[in-house]
1. Anything in segment 274-314 that is open to solvent by less than 10 Å² (accessible area, probe 1.4 Å), part of a loop (DSSP other than H, G, I, E, B) and either at pLDDT 95 or above or in contact with a Pro (Cβ under 6 Å, 6 or more places away or on another chain) (or both)? List them, or say none.
2. Taking segment 144-156 as the search range and keeping residues that are closer than 20 Å to G315 by Cβ and within 18 Å of the chain's Cα centre (by Cα), which one is surrounded by the fewest Cβ atoms within 10 Å (Cβ to Cβ)?
3. Inside segment 147-193, can you point out the residues that are charged (D, E, K, R) and either closer than 23 Å to P232 by Cβ or part of a helix (DSSP H, G or I) (or both)?
4. Hey, among the residues in segment 234-254 that are farther than 26 Å from K283 by Cβ and hydroxyl-bearing (S, T, Y), which one's least open to solvent (accessible area, probe 1.4 Å)?
5. Give segment 255-273 a look and list any residue that's under 17 Å from R33 (Cα atoms) and either open to solvent by 40 Å² or more (accessible area, probe 1.4 Å) or touching a Phe, Trp or Tyr at 6+ places or on another chain (Cβ under 9 Å) (or both), or say none.
6. Of all residues being touching a helix residue (DSSP H, G or I) at 6+ places or on another chain (Cβ under 8 Å) and part of a loop (DSSP other than H, G, I, E, B) in segment 213-233, which is surrounded by the most Cβ atoms within 10 Å (Cβ to Cβ)? Just the residue, please.
7. Condition first: crowded, with 21+ Cβ neighbours inside 10 Å and assigned to a helix (DSSP H, G or I). Can you find one or more residues in segment 63-77 that meet it?
8. Just the residues that are more than 30 Å from V314 (Cβ to Cβ) and out of contact with any Phe, Trp or Tyr (no Cβ under 8 Å at 6 or more places or on another chain), please, taken from segment 18-51.
Amino acid sequence: MGFEGKESSQDEGVVMASDFFWSYTDEPHASRRRQILSQYPQIKHLFGPDPFAFLKIAAVVSIQLWTATFLHNATWLKILTVAYFFGSFLNHNLFLAIHELSHNLAFSTPVYNRWLGIFANLPIGVPMSVTFQKYHLEHHRFQGFDGIDMDIPSQTEAKVVRNVVSKSIWVVFQLFFYALRPLFLKPKPPGIWEFVNFAIQFGLDGVMVYFWGWKALGYMILSTFVGGGLHPMAGHFISEHYVFNSDQETYSYYGPLNLMTWSVGYHNEHHDFPRIPGNRLHKVKEIAPEYYNHLDSYGSWSQVIYSYIMDRTVGPFSRMKRSLSVKSLNKFD
């Protein structure tokens, strides 16, 4: 199996859950963070920006924009092939760079991270950097809270996506669900930074079309779409918090794709210490292995996708939720 712990259930008698997993305790990361820091205070030395983040992002953005211009006269079949086997990896890398920047892990000054996020957004083709940060930080602060954590599928998704076919379709289009869900369930009015993000992104898109045609822009959009669907790197969307073991709500992945994804696979470690950049997250597990070695983890994101689709007991309802009480709100104020 590609993960340790619960194996996929294929018995004819098993059925998919009809509701989310409900927890009546706080999310586990804050308490584990306190325990680890009390025992290993040296972990605080890992906090702070990645000094090489800008160079890594600039390299990927440059390569992807050049590839888009290079393919401006290619056939659509060639564009789709290059998008899936090459561009998808680059654009997903940039999506996770934006995730890193949402935690201000490239520069100590937050506004510099925001500008770099807008720059990293360029080859993705669709403006999302600023809006992503607004919702993602709530995912950390209110993990699993009903109506706030927009990382959790909606009731409609969970009720419709119930079998192998619908789960396969959901996986292919999961990036759309991920991006559009907050706009329907918890819309936030756009701020000035979002308009800046929109203007710069659509300006770049217009330049690409004007000088190199629609195929150049199409390559970028396709790279984003296929990279967020039925693709090995997109397995992290499912692996991070979908519950395959009802005793655990966050899962780490310790496979080779961490090298291309800002180590987002170290997801328990990331939620425990969101101020540590991806290139140093592995050191958390090295310093405090007893806090992580007993947890279920994955070795293959592709296997996670396969198990999610084929396991009759797993679906969009396989997420941990918490009721939002007044006491909970006061605790986070």
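The values are calculated or read from the model by the stated rules, or taken from the named source; none is laboratory data. Computed from a prediction, not measured in an experiment: that's the story for all the values here. Using ideal geometry, Cβ is built from the backbone for each residue, glycine included, and neighbour counts are taken over all protein chains shown. Calculation scope for accessible area: heavy atoms of the full protein, side chains included, ligands and nucleic acids excluded. Shrake-Rupley method; radii C 1.70, N 1.55, O 1.52, S 1.80 Å.
1. I276, P277, L281, A288, Y292
2. Checked segment 144-156; the qualifying residue surrounded by the fewest Cβ atoms within 10 Å (Cβ to Cβ) is S154.
3. D151, E157, K159, K167, R181
4. For segment 234-254, the residue satisfying everything is Y242.
5. Y266, H267, N268, E269, D272, F273
6. Checking each candidate, the answer is G228.
7. yes
8. Once the filter is applied, which keeps residues that are more than 30 Å from V314 (Cβ to Cβ) and out of contact with any Phe, Trp or Tyr (no Cβ under 8 Å at 6 or more places or on another chain), segment 18-51 yields R34, L37, S38, Q39, Y40, P41, Q42, K44, H45, G48, D50, P51.
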